[in-house]
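The values are calculated or read from the model by the stated rules, or taken from the named source; none is laboratory data. The shown structure was predicted, so the numbers you read here are calculated from the model rather than taken from an experiment. Methodologically, a virtual Cβ is constructed for each residue, glycine included, from the backbone with ideal geometry; neighbour enumeration extends over all protein chains shown.
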Amino acid sequence: MSNASAAGRSQDFQDSQHAAIGKRSREVDDEIRYCERCGISYLWSIEEQRTRADAGAPAPEHCPGCRVLLPPPARTRGLVKWYNIRKRYGFIVRQGEPEIFVPAAALQGARFLQTGDLVEFSLGQNQEGPIAQDVILLQRDEALLDKPR
Ligand SMILES: [Zn+2]
């Protein structure tokens, strides 16, 4: 334990020396990065850099908040405009994009959708245009279930 902390102190000393000299070939230091989506700055800590390097992963492009909010690569999110349970299809809307057809066969987990559902999906294509695939329900406003018709 004492050996390890002594080594740590020695490493800290070397780090500060290197920092004083200038840029090291292999930079390992807390780094301020800027989110590609929202533009805010965030800290990319030494610990996270080491964890990522061990996993062979590249530097993050987004701040921690956007990493939670954004869908995974190749996935997209939208709201259900309407869904007809009897006809077994509906439409999903996204901001600034055309609405997307969603057939019942594309649903993963949920048996049906309803207006206002937040869903995540992949974009596919059929003869008539784009369709939603591998649709998962992220959030449903339960209050809407009790809405009188
Ligand atoms: Zn962000």
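Pairs linking a residue in region 53-77 that is under 28 Å from PHE101 (Cβ atoms) to a residue that is assigned to a helix (DSSP H, G or I) and within 16 Å of the ligand (Cβ to nearest atom), with Cβ atoms under 7 Å and 6 or more positions apart or on different chains, do not occur.
For (1) assigned by TED's automatic domain parsing to the domain that holds ALA132; (2) farther than 26 Å from ASP141 by Cβ; (3) among the hydroxyl-bearing types (Ser, Thr, Tyr); (4) loosely packed, with under 14 Cβ neighbours inside 10 Å, each residue gets a yes or a no:
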{"residue": "GLN49", "(1), (2), (3), (4)": "no, yes, no, no"}
{"residue": "ALA55", "(1), (2), (3), (4)": "no, yes, no, yes"}
{"residue": "CYS66", "(1), (2), (3), (4)": "no, no, no, no"}
{"residue": "TRP82", "(1), (2), (3), (4)": "yes, no, no, no"}
{"residue": "ILE85", "(1), (2), (3), (4)": "yes, no, no, yes"}
{"residue": "ALA105", "(1), (2), (3), (4)": "yes, no, no, yes"}
{"residue": "ARG111", "(1), (2), (3), (4)": "yes, no, no, yes"}
{"residue": "VAL119", "(1), (2), (3), (4)": "yes, no, no, no"}
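Look at (1) part of a strand (DSSP E or B); (2) more than 30 Å from TYR42 (Cβ to Cβ); (3) touching a strand residue (DSSP E or B) at 6+ places or on another chain (Cβ under 6 Å); (4) among the polar types (S, T, N, Q) and you find that SER122 fails only one, number (2). Region 1-96 holds helices (runs of 4 or more DSSP H) entirely within its bounds, and those carrying 1 or more residues that are away from the ligand (no atom under 16 Å from the Cβ) and modelled with pLDDT of 90 or more map to 46-55.
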